[in-house]
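The values are calculated or read from the model by the stated rules, or taken from the named source; none is laboratory data. Here the structure is a predicted model, which means the values were calculated and not measured. Note: ideal-geometry Cβ built from the backbone for every residue, glycine included; neighbour counts use all protein chains shown. Remember, those area values only see protein heavy atoms, side chains included, never the ligands or the DNA or RNA. Shrake-Rupley method; radii C 1.70, N 1.55, O 1.52, S 1.80 Å.
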Amino acid sequence: MGNNLIEFNARNSKVSEEKLRDLEDRLRPEVQNMREATEKGYNDPRASINLPGDEETLKQVKKLVKGKRRLNPEYLVVAGIGGSNLGTIAVQEAVLGKLYNQKNPDTKILYAETTDSEHIGDILDIIESSLERGETVLLNGVSKSGGTTETISNFEIIAEKISEYKNKPEEYITVTSQKDSPFHKLAEEKNYSTLEIPEKIGGRYSVFSAVGLYPLGILGVDLDELLEGAKQARERCLNKDVLENPAARSAASIYLNQKQGRDIHDFFLYGKDLEMIGKWYRQLTGESLGKEQNREGKKVNAGITPIASVGSTDLHSMYQLYMGGPDDKLHTFVYTEENDRNIEVPENPEYSRLVEDIQGKPLNQIMDAIFEGVNNSLKNTARPFNVVKIRDRSEKSIGALLQFKMMEMMYLGYLMNVNPFNQPSVEDYKDETREILKESGRNG
Ligand code: PA5
């Protein structure tokens with residue numbers, strides 16, 4: 001893998017070099033548009049590719065993080081949904097681990113996402129005990145529009161709880177929103193700290209904006225490294241040679257597989273802690289490509305159905321379908337090259353009666369065998385797949401992986417002739433919900 005943080009390999013994607021060369025010509029103008037977007041700051045729909053280089057925002061976020069960490073927070077509650085929290089969860093779990101809260105960190109994190117009263121009730125119980133002990137609970141409300149029903153409901157509930165225990169609740173609360181959104185304005189009136197989301201940055205492309213940087217910074221994630229990884233991936237994904245450009249190359253293989261009837265893209269991540277990257281990518285694909293109309297306004301009902309799998313867990317639940325079911329899927333496997341931990345199965349001979357050849361071997365070696373075994377069995381049945389190898393689970397590698405995938409999605413939107421930056425159907429449901437709530441009285 002050399003000096004690269006990620007390595008993309010589409011050798012088994014069942015796409016001919018000839019077809020790829022055709023697409024190279026088609027993609028060339030968009031590669032050029034992308035390159036030009038790097039000079040346009042936040043004035044282009046592709047503007048999220050400039051987030052990793054935004055020194056001003058990084059400085060502002062770091063300053064705020066420093067100030068809030070001085071309060072020794074026991075908990076940080078992030079109230080946000082969709083693009084306003086999925087990237088944060090994805091990075092947090094990949095870098096710090098799914099079991100992060102149980103590892104007794106300085107600051108634990110809770111996500112107030114949907115309006116599930118049982119779950120929000122648990123969050124309230126947890127933070128109330130902490131507040132009763134006189135500890136600090138921070139709240140970060142994240143909503144680009146500032147008008148998402150779930151986020152504002154949860155934010156209000158948690159802000160109220162903090163106000164019950166703290167004389168100056170504003171010291172603990174930060175709002176991340178688009179400038180001049182109603183949420184941003186209210187935050188200013190209440191003297192909450194505020195961070196901005198640039199207008200052209202859609203939620204699912206916002207992980208490297210203050211949306212992701214502030215909460216991740218509070219947890220001690222190395223923001224410089226995260227952004228450095230994203231910058232390195234960006235350079236590679238701006239390469240005019242499509243075959244050397246991992247994002248364009250990956251987009252081409254997904255697109256050409258769809259043309260062969262494979263409407264389902266399975267993002268199959270080896271590693272429990274990578275699971276939420278799968279959920280993040282599901283949103284990225286679902287909202288970017290699932291469109292009623294193409295760019296010319298013609299009804300096309302386009303889309304690729306994203307699914308997310310975890311290796312090796314889902315080999316025991318979904319693999320039967322993947323191998324034996326319809327040939328309507330392309331799989332992209334994500335595999336980590338180097339793991340920090342080296343845990344070995346003990347050398348107990350009596351266990352070799354249960355499973356042979358694992359005694360004394362590192363778990364990493366067992367996982368390598370499973371990974372190779374799956375690849376071989378897919379090759380045997382001629383099912384297509386791509387492989388993304390990431391160097392490790394460091395901030396840098398994870399930053400690179402996410403940047404690569406966001407740019408891949410922009411190239412895919414271009415190939416499919418849909419706008420990958422809007423989400424009209426999501427806005428529809430939000431409007432409908434607000435209407436219903438307007439008509440309903442108190443307590444339903
Ligand atoms: O990607 C998107 O644009 C959406 O999924 C939004 O992130 C989500 O609906 C939340 O919107 P907002 O940040 O405005 O609260």
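Within segment 15-22, is even one residue touching a residue at least 12 places away in the same chain (Cβ under 8 Å) and in a helix (DSSP H, G or I)? Yes: one or more hits.
Among the listed residues Glu118, Glu156, identify the single one that is out of contact with any His (no Cβ under 8 Å at 6 or more places or on another chain), part of a helix (DSSP H, G or I), modelled with pLDDT of 95 or more and more than 16 Å from the ligand (Cβ to nearest atom). Show your work before the answer.
On the way: Glu156 fails: more than 16 Å from the ligand (Cβ to nearest atom).
The conditions single out Glu118.
For beta carbons closer than 8 Å, sequence separation of 6+ or different chains, a first residue in segment 340-358 that is of a type in the set (Gly, Ala, Ser) and a second that is in a loop (DSSP other than H, G, I, E, B), the qualifying pairs are Ser352/Ile358; Ser352/Gln359. Restricting attention to segment 129-153 and to residues that are within 14 Å of the ligand (Cβ to nearest atom) and hydroxyl-bearing (Ser, Thr, Tyr), the residue that is nearest to Lys66 (Cα to Cα) turns out to be Ser143. Restricting segment 390-442 to residues that are open to solvent by 40 Å² or more (accessible area, probe 1.4 Å) and under 15 Å from the mean Cα position of the chain (by Cα), the residue that is nearest to Arg204 (Cα to Cα) is Lys396. Filtering segment 163-206 down to residues that are in a helix (DSSP H, G or I) and surrounded by 20 or more Cβ atoms within 10 Å (Cβ to Cβ), which residue is farthest from the ligand (Cβ to nearest atom)? This residue is Tyr172. Looking across segment 181-201, just one residue is over 12 Å from Lys144 (Cβ atoms), among the basic types (Lys, Arg) and in contact with a helix residue (DSSP H, G or I) (Cβ under 9 Å, 6 or more places away or on another chain), and that is Lys190. Scan segment 319-339 for residues that are open to solvent by 40 Å² or more (accessible area, probe 1.4 Å) and without any contact (Cβ under 8 Å) to a residue 24 or more places away in the chain and the total you get is 4.
Are any of the residues in segment 151-168 free of Cβ contacts under 8 Å to residues at least 24 places away in the same chain and within 17 Å of Pro215 (Cα to Cα)? Scanning segment 151-168, I find at least one residue that is free of Cβ contacts under 8 Å to residues at least 24 places away in the same chain and within 17 Å of Pro215 (Cα to Cα), so the answer is yes. Among residues belonging to segment 68-89 that are over 26 Å from Ser145 (Cβ atoms), assigned to a loop (DSSP other than H, G, I, E, B) and in contact (Cβ under 8 Å) with a residue 12 or more places away in the chain, point out the one that is least open to solvent (accessible area, probe 1.4 Å). By that ranking, first place goes to Leu71.
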